[in-house]
Amino acid sequence: MPRVLSGIKPTGKVHLGNLLGALQHWVADQYENDSLYCVVDLHALTVPQDPATLHETTLQLAQILLAIGIDPEQSTLFIQSHVHEHIELAWVMECTASFGELRRMTQFKDKSETADFVSGGLFTYPALMAADILIYDADKVPVGDDQRQHLELTRDLAIRFNSRYGETFVVPEAAIPKAGARVMDLQQPTSKMSKSDDSPQGTIDLLDDLGVAARKIKRAVTDTETEVRFDPVAKPGVSNLLSILGACTGQNPEDLASNYTQYGPLKADAADAVVEVLRPIQKRYAELSADQPGTLAILGQGAGKARAMAAPKLRLVKERIGLLGI
Ligand code: ATP
Ligand code: LTN
């Protein structure tokens with residue numbers, strides 16, 4: 001069975017972009033693949049975090065993943081920092097990547113331009129991500145469009161390592177969906193919807209009150225024209241609504257455009273579709289969030305399964321590069 005791996009940072013509230021760009025595909029993938037999903041808490045540390053908030057957000061994120069339908073019988077669900085092998089392989093990946101390659105990463109450029117404190121970890125972040133993926137020999141990595149460049153780097157590092165030291169890693173493929181790969185902020189449709197940006201009206205959180213979520217869609221910024229067409233460059237707001245509706249209902253955003261001659265009905269349908277996606281998630285989350293010990297037990301089992309896969313791979317890597325074993 002092909003192996004799938006992906007990760008999400010506990011950096012804030014999980015939003016509609018995370019769900020449509022990545023998480024709903026994690027759920028679908030778990031039935032046809034050997035799948036591993038991790039809460040990448042070490043990646044969250046690349047920007048300053050309040051310890052109590054990080055602790056709470058990590059547990060809450062694990063419960064949201066269960067609520068959207070990640071099934072611990074089908075998938076290995078775990079917390080990145082519970083499997084220390086990721087960090088050891090990350091150092092090897094940092095030494096496999098060049099400074100120039102890391103400096104070209106657009107996520108680093110964007111985040112370092114606006115941050116008050118730019119940590120070394122923000123710069124080497126993609127090497128840890130490569131380690132997350134390569135340590136499990138993942139074939140496929142379901143992510144949103146913003147991760148395309150990190151996946152390319154991961155592939156380059158795997159190929160470089162294999163050619164220096166002999167076949168060691170599977171070279172993974174990014175799996176980026178057609179609709180919903182880049183959900184944009186509803187108030188600033190030229191920026192992606194993001195957990196850590198402060199844009200409450202532009203971001204739909206999965207746990208938003210359903211009426212609030214619908215209102216955010218209905219108040220989304222569009223433009224002064226009236227024509228409905230899918231054109232993300234000229235009409236980013238309208239195209240974003242078509243993408244959201246398409247990703248919620250499994251339809252193509254270009255085809256959907258021909259059903260509408262005005263913005264009002266498009267907004268109403270997009271709002272209804274989002275509410276119908278969020279409703280069952282919120283119901284399951286309310287049940288699960290009361291069972292903290294149950295969640296911790298699932299994460300403990302997940303960490304055990306992940307470690308059993310990661311440890312032999314790390315041993316092989318150490319042997320290949322000439323580290324002395326005892
Ligand atoms: P942060 O704002 O803290 O950087 P984020 O909202 O970008 O967080 P991540 O934890 O970095 O979320 O991403 C988890 C997954 O969600 C990744 O696969 C990422 O590509 C995807 N994703 C994030 N934002 C969007 C978006 N706006 N549209 C589609 N997919 C997204
Ligand atoms: N860098 C990713 C999160 C991430 C990830 C991974 C995704 C860390 N490790 C491994 C897929 C596979 C992000 O910022 N969204």
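Given a 1.4 Å probe, how much area per residue of segment 46-87 is accessible, in Å²?
Details: 1770 Å² over 42 residues.
Averaged over the residues of segment 46-87, the accessible area is 42 Å².
Under 5 Å from the amide H of Thr76 lie the amide H atoms of Ser35, Leu36, Tyr37, each residue being 5 or more positions distant or on a separate chain, with H modelled from the backbone and absent for Pro and chain starts.
Placing pseudo-labels 7 Å out from each Cα toward the beta carbon at Arg279 and Val171 gives an inter-label distance of 4.7 nm. Here is the list for segment 39-124: chymotrypsin sites (Phe, Trp or Tyr not before Pro) lying in DSSP coil, each with at most 16 other C-beta atoms within 10 angstrom of its C-beta, are Phe117.
Three principal axis extents describe the C-alpha atoms of segment 1-86; from largest down they are 39, 31, 19 Å. Put simply, the amide H of Ala175, placed in the peptide plane, has neighbours under 5 Å in Val141, Val143, leaving out anything fewer than 5 places away on its chain. The calculated Kirkwood hydrodynamic radius for segment 40-146 is 15.4 Å, given to one decimal from all distinct C-alpha pairs.
Only the Cβ atoms of Lys and Arg (+1) and of Asp and Glu (-1) were treated as charged; on that basis the dipole of segment 1-103 about its Cα centre amounts to roughly 300 debye. Of the solvent-accessible surface of segment 254-326, computed with a 1.4 Å probe and all protein chains present, 56% belongs to carbon and sulfur. Distance between the modelled labels on Leu323 and Gln301, one decimal in nanometres: 3.1 nm (7 Å Cα→Cβ projection). Each pair of Cα atoms in segment 183-309 enters the Kirkwood radius, and Stokes-Einstein at 4 °C and 1.567 mPa s then converts it into a translational diffusion coefficient of 80 µm²/s.
Which translational diffusion coefficient, to the nearest whole µm²/s, is obtained for the chain from the Stokes-Einstein equation, given a Kirkwood hydrodynamic radius over C-alpha pairs, 10 °C and 1.306 mPa s?
Once the numbers are plugged in, D ends up at 77 µm²/s.
Think of a 1.4 Å ball rolled over the protein heavy atoms: segment 174-326 then has 53 Å² of accessible area per residue.
If you plug the beta carbon distance of Asp291 and His55 into 1/(1 + (r/R0)^6) with R0 = 25 Å, you get a FRET efficiency near 0.90.
For the chain, what's the relative contact order in percent, using C-alpha pairs closer than 8 Å and at least 6 residues apart?
Relative CO of the chain lands at 22 percent.
Amide H contacts of Met184 (H built 1.01 Å from N, in plane; Pro and chain starts excluded): Met193 sit under 5 Å, all sequence-distant by 5 or more or on other chains.
Across every direction, the projection of the convex hull enclosing the Cα atoms of segment 222-280 has a mean area of 3.6 nm².
Here segment 56-163 has 50 percent of its accessible surface on carbon and sulfur atoms, given a 1.4 Å probe and all protein chains in place. Relative to its residue count, segment 110-241 spans a Cα convex hull of 151 Å³ per residue.
With the cut-off at under 18 Å, measuring from each backbone N in segment 223-250 to a point 7 Å along the Cα-to-Cβ line of Thr261 picks out 225-230.
What separates the Cα centres of segment 1-55 and segment 188-221 is a distance of 19 Å.
The string of couplings for segment 143-149 from the Karplus curve (6.51, -1.76, 1.60, θ = phi - 60°) is 9, x, 4, 5, 9, 4, 5 Hz, one whole number per residue in order, with x for Gly and Pro. Across segment 114-203, the mean sequence separation of Cα contacts (distance under 8 Å, 6 or more residues apart), normalised by length, yields a relative contact order of 26 percent. Counted without the sites themselves, the longest stretch of the chain free of GluC sites (Glu not before Pro) in a DSSP loop having at most 11 other beta carbon atoms within 10 Å is 226-326. In order along segment 86-101, phi translates into HN-Hα couplings of 4, 6, 5, 5, 4, 4, 4, 5, 4, 7, 8, 7, 8, 4, x, 4 Hz, rounded to whole numbers, per the Karplus curve 6.51 cos²θ - 1.76 cosθ + 1.60 with θ = phi - 60° and x for Gly and Pro. Projected onto its three principal axes, the C-alpha set of segment 261-326 covers 69, 37, 11 Å, listed from the longest axis down.
The values are calculated or read from the model by the stated rules, or taken from the named source; none is laboratory data. Remember, it's a predicted structure, so these values are computed and weren't measured experimentally. All Cβ positions, glycine included, derive from the backbone under ideal geometry; neighbour counts span all protein chains shown. The protein model used for the area step is the full one, side chains on, heavy atoms only, and it has no ligands, DNA or RNA in it. Shrake-Rupley method; radii C 1.70, N 1.55, O 1.52, S 1.80 Å.
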